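Student: Pasting in a structure now, in structure tokens, and then I'll have a few things to ask.
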Amino acid sequence: MTINEMKADILIIGGGSAGCMAAIRAKEINPSLKVVVFEKGDFKRGGTIAMGMDALNIVSIPGGDSPEAYVETVGSTVDGILDQKPSLVMAQRSYELMRKLESWGARFRKDANGNYEMLKIHPKGKFCAGMDEPDLKVILAKKAESLGVEVVNRTIATSLLKSEHVVTGATGLNLRTGEFVVCSAKSTIITNGGCSRFMMPHSGHPFGTYDYPGNTGDGWAMAYRAGAKLTGFEFTSNAPLIKDIACPLLYITLTRGAHIINGLGQRIDNEGDIGVHAMLREFNEGRGPVLIKMDHLPEEKIKEIEEILFTTERPIQKRFFEQRGIDFRKQPIELFPTEYFLCGGHGSAGLVVDEHAATSVEGLYAAGDAASVPRQHLTGAFVFGEVAAEKAAARAVSLDWPCATQAQIAAERNRVFSPLSEEPSPLDLAEFEQKVRQTAGDYAVPPKNEWKLKNAIKWMTHFKEELKALKAADFHELAKILEIESIIYCIELSAIASNARKESRWGSYHYRSDYPEKNDAEWKKHIILQAGNIPGETLVSFQDIERSVL
Ligand SMILES: Cc1cc2nc3c(=O)[nH]c(=O)nc-3n(C[C@H](O)[C@H](O)[C@H](O)COP(=O)(O)OP(=O)(O)OC[C@H]3O[C@@H](n4cnc5c(N)ncnc54)[C@H](O)[C@@H]3O)c2cc1C
């Protein structure tokens, strides 16, 4: 076990979409900046866009639908719980961002006249730009590395460092070598995604989640312990996706003319309207399954869909359908609701940030799925990765190097390594994680009510105690214990926020059987969570919605 002490102008925690973009932007602004990335997996393929992406979901093309129109349409998809400025900034910068990606080699779909293929996935307007880029992550990673970004792979960030009230870097554990990394940084950016391992998926496979399973809410747990504000944790989202494999296909098929039918054979789509809530209702009310039907589509459309699903989206789908004997020309595709998860990109959960990607704690920025910019998707990860880097770089040039104290380092090292033992663990780590996530499924997801949510909180408090007894045989298991701890934090915080919001909102995502109606008069506001002064105490407060754009 060695200690590697580093210094950085900017430390980025998580080398996914937002992290790569932040690293590149920081170097573009000032090549002499020392930019370090902690990445839990491998920088080249880690994160949600591991394989690629089939679209940039939010682009406001000049002459097309305006950024203000985007703010209006996204506001309606999140029932008005949206601070408008960040969404406006994202839409305003989206076209420039798309052109930049193109200049790096990413391919966007165009029609015969050379116009971008814009798809309708929002209630109003066409903001989704089709993209054909299986190697997007590789393009970004290579770009960052060519600019001299220092990547510390296989390193899970464990805690933020703080000096008084200011964040001054973070610590990490290399889960292969056991090296303990201490990075003192002038500015720190959290870009480590949401929490996908929140509850168990229906398949029973712990890592068979819809979102990237390496994202376990570590950044939220770290930032919460450092005093940062979190919001949107009651927005537990899921989606009807391909049964048993949970791969996405809705936007790809429905925007190209597929129909949705229920188990009774009734068509339930509204002429191309991607009504996720309508689909989930069919399951919840016993008219499932929901199926995607494409046998009426012309051959060239089927080929186009196959091309996207089997290359950019996830090549394994080809084998999956072949082995089940499903040909889109003849058979429909069965969907099933995924597990619930927490995510700032698809949902709303995340660190409270403003339009400058600044969190509520000095020296700490957040971007991508870790930040609460509701439904920002990949565009938000890229735009706010850039914004965070710009602000973090400007801050870094005016500061002296911070330095972690030996006491700080020793305390965190002790915390991280204490489970390492030759004794067997009294509880199997995989079984323990399964129990924690199964409990989330029992009590912390819709349909919710006060009894269930309080029970979720009680169990998470209990699991935090049990966690202290776990033993790790190697560094990989040590990292697992850290992940489970973050998952417990996320479930507990979600249950606290869900219990505080005494109404139902966002379709089935926050359905409370004891408060079944939406109540705008009392609840059109943010629920903010923050660590209290007493250990284990979470403060709940409310914040008005910022509506400066519309
Ligand atoms: C299946 C799927 C399909 C999607 N399709 C589209 C689409 O077509 N268009 C679109 O616009 N959006 C799409 N999205 C959304 C979009 O991909 C995400 O919003 C975006 O990629 C999130 O980027 P991020 O950087 O926040 O997270 P990620 O890219 O997931 O990066 C997080 C990184 O942090 C690392 N990490 C986690 N914990 C730690 C830790 N403790 N220490 C160090 N590193 C850590 C992870 O290994 C990972 O590399 C899709 C999402 C999913 C799940």
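The values are calculated or read from the model by the stated rules, or taken from the named source; none is laboratory data. Note that the coordinates shown come from a computational prediction; the quantities given were computed from them, not determined experimentally. A quick note on method: Cβ atoms are made from the backbone with ideal geometry, for glycine too, and the neighbour counts reach across all protein chains shown.
Student: Any idea which of Gly385, Gly441, Gly350, Gly363 is touching a residue at least 40 places away in the same chain (Cβ under 8 Å) and more than 30 Å from Asn4 (Cβ to Cβ)?
Tutor: Gly441
Student: With (1) among the polar types (S, T, N, Q); (2) within 22 Å of the chain's Cα centre (by Cα); (3) more than 13 Å from the ligand (Cβ to nearest atom) as the list, and Gln331 as the residue in question, which single condition is left unmet?
Tutor: Gln331 satisfies all of (1) among the polar types (S, T, N, Q); (2) within 22 Å of the chain's Cα centre (by Cα); (3) more than 13 Å from the ligand (Cβ to nearest atom) except (2).
Student: Shifting gears a bit: Is it the case that Val89 is more than 11 Å from the ligand (Cβ to nearest atom), farther than 25 Å from Gly350 by Cβ, within 20 Å of the chain's Cα centre (by Cα) and not assigned by TED's automatic domain parsing to the domain that holds Arg501?
Tutor: no
Student: While we're here: If Ser360 passes every condition in (1) assigned to a helix (DSSP H, G or I); (2) of a type outside the set (A, V, I, L, M, F, W, C); (3) more than 18 Å from Thr48 (Cβ to Cβ) but one, which one does it miss?
Tutor: Tallying (1) assigned to a helix (DSSP H, G or I); (2) of a type outside the set (A, V, I, L, M, F, W, C); (3) more than 18 Å from Thr48 (Cβ to Cβ), Ser360 fails exactly one: (1).
Student: Would the stretch 186-207 turn up any residue that is hydroxyl-bearing (Ser, Thr, Tyr), crowded, with 21+ Cβ neighbours inside 10 Å and more than 9 Å from the ligand (Cβ to nearest atom)?
Tutor: yes
Every residue, every condition in (1) at pLDDT below 95; (2) more than 20 Å from Cys343 (Cβ to Cβ); (3) among the charged types (D, E, K, R), yes or no:
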site: Ser66; (1), (2), (3): no, yes, no
site: Glu72; (1), (2), (3): no, yes, yes
site: Thr77; (1), (2), (3): yes, no, no
site: Tyr116; (1), (2), (3): no, yes, no
site: Ala129; (1), (2), (3): no, yes, no
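Student: Please specify each residue of the stretch 319-357 satisfying the condition of being among the aliphatic types (A, V, I, L, M), outside any loop (DSSP other than H, G, I, E, B) and within 21 Å of Ser372 (Cα to Cα).
Tutor: Leu342, Leu351
Student: Next question. Give the stretch 61-88 a look and list any residue that's β-branched (Val, Ile, Thr) and in contact with a helix residue (DSSP H, G or I) (Cβ under 7 Å, 6 or more places away or on another chain), or say none.
Tutor: Ile61, Val71, Val74
Student: Going by the conditions given, is Ile527 touching a strand residue (DSSP E or B) at 6+ places or on another chain (Cβ under 9 Å), assigned to a helix (DSSP H, G or I), more than 19 Å from Glu339 (Cα to Cα) and among the β-branched types (Val, Ile, Thr)?
Tutor: Judged against the criteria, Ile527 is not a match.
Student: Scan the stretch 416-427 and report the pairs whose first residue is in contact (Cβ under 8 Å) with a residue 12 or more places away in the chain and whose second residue is among the small types (Gly, Ala, Ser) and exposed (fewer than 13 other Cβ atoms within 10 Å of the Cβ), with Cβ atoms within less than 7 Å and a gap of 6+ or a chain change.
Tutor: Pairs that qualify, where the first residue is in contact (Cβ under 8 Å) with a residue 12 or more places away in the chain and the partner is among the small types (Gly, Ala, Ser) and exposed (fewer than 13 other Cβ atoms within 10 Å of the Cβ), are Pro426/Ala469; Leu427/Ala469.
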